[in-house]
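Below is one structure, written out as structure tokens; comments come after it.
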Amino acid sequence: MKIAVDAMGGDNAPGEIVEGSVLAAREYGTKITLVGPKDVIEAELKKHDTASLPIEIVHASEVVGMSESPSVAYRKKKDSSIMVGVKLVKEGKVAAFVSAGNTGAVMAHGTLVLRLIPGISRAAITVLLPTQKGWSVLLDAGANVDCKPQALFEFGIMGSVYASHVLEKKSPITGLLNIGEEEGKGNEISKLTGEMLRQSSINFMGNVEAKEVYRGTADVIVCDGFVGNITLKVSESVAEMFTKALKNLFATNWRSKLGYLLVKPYVEEFKRRIDYHEYGGAPLLGLNGTVFICHGSSKAKSIKNAIKHAEAFVKNGVNDKIREGMERNIAIEKAMENHEGIFANLDIAAAADELEKKE
């Protein structure tokens, strides 16, 4: 299995990206295809001992800037590292593509080149959040600012599949992020989404409040990209603040420094759990191919772990499982699309049953 890596994507490219790829090849034996200007990549590889490592280079003459318009990049930069990498997936030459580059550009190229899995209307960025009970999946984390109930419903199905086959949760609990636990809470989109998910085949608990996110009440947390991205960024900020506060506290005097030596293993474990470098990248669920997006400030460790998780994603056949999940729940979506009264009475189950009879 080969994993393509965007050598030019991210704030720390190409140095950290190439180093992370070398580490993945060395530690996991992963076959790596580095995408970008050949001379630049070769110069970086010379800084490492790559003898006998399964690393190859695929030349791409252009680079998409971190603040560049995704649509302009797609139209005008046909030989960018992102375009070339995604096409390698499309052509079956690699199993997955990993990039820390322009998120919007990766999203646009992935959607337009690979297309979406049948039954999926929007791809979603999926991230792992550490909780009191292990890990939870949150989606969407920023790909779709505004979502219709149909898209949020699909996120629930995809997130449940991901938690089941990647986090190995037998019957993952899915919750809809909302301002209250009661069914009547939230806007009309939330209410409709909740009703659709209740009729689905997944283990849906209903609404989940923000205070429950890190308690691990839900294994899968569904929201639109606007809410999801804010949740993620606030979480990263709080984690950073808390870590720095602990560091300052233990540096107060010799007694606190001595105390730190006693609790250091636990502090290090806490830092490891909240560090996004540990999971590296987030899959774009819903694409007809495997694409992982990494944080723009990713270092070598992030890239190495993203490659590891991308490989596991492919081995677990997550996209095939998503197709199966959508096939089981497609009647609910069709009912919503084809019955005008559905928004008024929320009788989705009855409408779905009627639609299945007609088909």
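Let me confirm something: among Leu53, Leu23, Leu34, which residue is touching a residue at least 12 places away in the same chain (Cβ under 8 Å), in a strand (DSSP E or B), of a type outside the set (Gly, Ala, Ser) and on the phi < 0 side of the Ramachandran plot?
Matching residue, one of Leu53, Leu23, Leu34: Leu34.
Considering only residues of region 37-50 that are among the charged types (D, E, K, R) and not in a loop (DSSP other than H, G, I, E, B), which is surrounded by the fewest Cβ atoms within 10 Å (Cβ to Cβ)?
Of everything passing the filter in region 37-50, Asp39 is surrounded by the fewest Cβ atoms within 10 Å (Cβ to Cβ).
Among the residues of region 254-263, is there at least one that is surrounded by 13 or more Cβ atoms within 10 Å (Cβ to Cβ), over 30 Å from Thr126 (Cβ atoms), in contact with a helix residue (DSSP H, G or I) (Cβ under 6 Å, 6 or more places away or on another chain) and at pLDDT below 75? Even if it seems obvious, please write down each step before you answer.
From region 254-263, those surrounded by 13 or more Cβ atoms within 10 Å (Cβ to Cβ) are 259-260; that's our starting set.
The next check asks that each one be over 30 Å from Thr126 (Cβ atoms); those that pass are 259-260.
This time we only want the ones that are in contact with a helix residue (DSSP H, G or I) (Cβ under 6 Å, 6 or more places away or on another chain), so: 260.
Filter again for at pLDDT below 75, leaving 260.
Within region 254-263, one or more residues are surrounded by 13 or more Cβ atoms within 10 Å (Cβ to Cβ), over 30 Å from Thr126 (Cβ atoms), in contact with a helix residue (DSSP H, G or I) (Cβ under 6 Å, 6 or more places away or on another chain) and at pLDDT below 75.
Please pick out the residue among Ser160, Ser164 that is within 14 Å of the chain's Cα centre (by Cα) and within 27 Å of Lys2 (Cα to Cα).
Details: Ser164 fails: within 14 Å of the chain's Cα centre (by Cα).
So the residue among Ser160, Ser164 that is within 14 Å of the chain's Cα centre (by Cα) and within 27 Å of Lys2 (Cα to Cα) is Ser160.
Which residues, counting only those in region 86-100, are part of a loop (DSSP other than H, G, I, E, B) and either on the phi < 0 side of the Ramachandran plot or under 19 Å from the mean Cα position of the chain (by Cα) (or both)?
Matches in region 86-100: Glu91, Lys93, Val94, Ala95, Ala100.
Across region 149-177, what is the number of residues that are under 22 Å from Ile332 (Cα atoms), in contact with a helix residue (DSSP H, G or I) (Cβ under 7 Å, 6 or more places away or on another chain) and in a loop (DSSP other than H, G, I, E, B)?
1
Of everything in region 189-216, what is loosely packed, with under 15 Cβ neighbours inside 10 Å, more than 30 Å from Glu324 (Cβ to Cβ) and in contact (Cβ under 8 Å) with a residue 60 or more places away in the chain? Give them in sequence order.
Arg215
Which is assigned to a helix (DSSP H, G or I), under 22 Å from Gly20 (Cβ atoms), more than 24 Å from the chain's Cα centre (by Cα) and at pLDDT below 90, of Glu337, Glu268?
Residue meeting the stated conditions: Glu268.
Looking at Ile17, Ile3, can you tell me which residue is among the hydrophobic types (A, V, I, L, M, F, W, C) and in contact with a Gly (Cβ under 8 Å, 6 or more places away or on another chain)?
Checking each option against the conditions leaves just Ile17.
Residue by residue through region 286-303, note down the ones that are assigned to a helix (DSSP H, G or I), modelled with pLDDT under 95 and buried (at least 22 other Cβ atoms within 10 Å of the Cβ).
Ser302
Can you list residue pairs whose Cβ atoms sit under 8 Å apart, with the first residue in region 70-89 being under 15 Å from Arg115 (Cα atoms) and the second being among the basic types (Lys, Arg)? Count only pairs 6 or more apart in sequence or on different chains.
Here the result reads Met83/Lys77, each pair linking region 70-89 to a residue that is among the basic types (Lys, Arg).
Regarding region 10-20, can at least one residue be identified that is at pLDDT below 95, among the aliphatic types (A, V, I, L, M) and either part of a helix (DSSP H, G or I) or crowded, with 21+ Cβ neighbours inside 10 Å (or both)?
Looking through region 10-20, at least one residue is at pLDDT below 95, among the aliphatic types (A, V, I, L, M) and either part of a helix (DSSP H, G or I) or crowded, with 21+ Cβ neighbours inside 10 Å (or both).
Does at least one position in region 74-81 carry a residue that is buried (at least 20 other Cβ atoms within 10 Å of the Cβ), within 21 Å of the chain's Cα centre (by Cα) and modelled with pLDDT of 95 or more?
The answer is yes; a qualifying residue exists.
Report whether or not Lys170 is at pLDDT below 90 and either farther than 16 Å from Gly286 by Cβ or crowded, with 23+ Cβ neighbours inside 10 Å (or both). Don't jump to the end; show me each part of the working.
Working: at pLDDT below 90: yes; either farther than 16 Å from Gly286 by Cβ or crowded, with 23+ Cβ neighbours inside 10 Å (or both): yes.
Considered against the rule, which asks whether it is at pLDDT below 90 and either farther than 16 Å from Gly286 by Cβ or crowded, with 23+ Cβ neighbours inside 10 Å (or both), Lys170 comes out as yes.
Inspect region 159-166 for any residue being more than 30 Å from Glu19 (Cα to Cα) and surrounded by fewer than 23 Cβ atoms within 10 Å (Cβ to Cβ) and give the result as yes or no. Outline the logic, then answer.
Kept after step one, since they are more than 30 Å from Glu19 (Cα to Cα), are these residues of region 159-166: 159-161, 164.
Then drop every residue that is not surrounded by fewer than 23 Cβ atoms within 10 Å (Cβ to Cβ), which leaves 164.
Scanning region 159-166 turns up at least one residue that is more than 30 Å from Glu19 (Cα to Cα) and surrounded by fewer than 23 Cβ atoms within 10 Å (Cβ to Cβ).
The values are calculated or read from the model by the stated rules, or taken from the named source; none is laboratory data. Being a predicted model, the structure only gives us computed values, none of them experimental. When we count neighbours, we look across all protein chains shown, and the Cβ atoms used for this are built from the backbone with ideal geometry, even at glycine.
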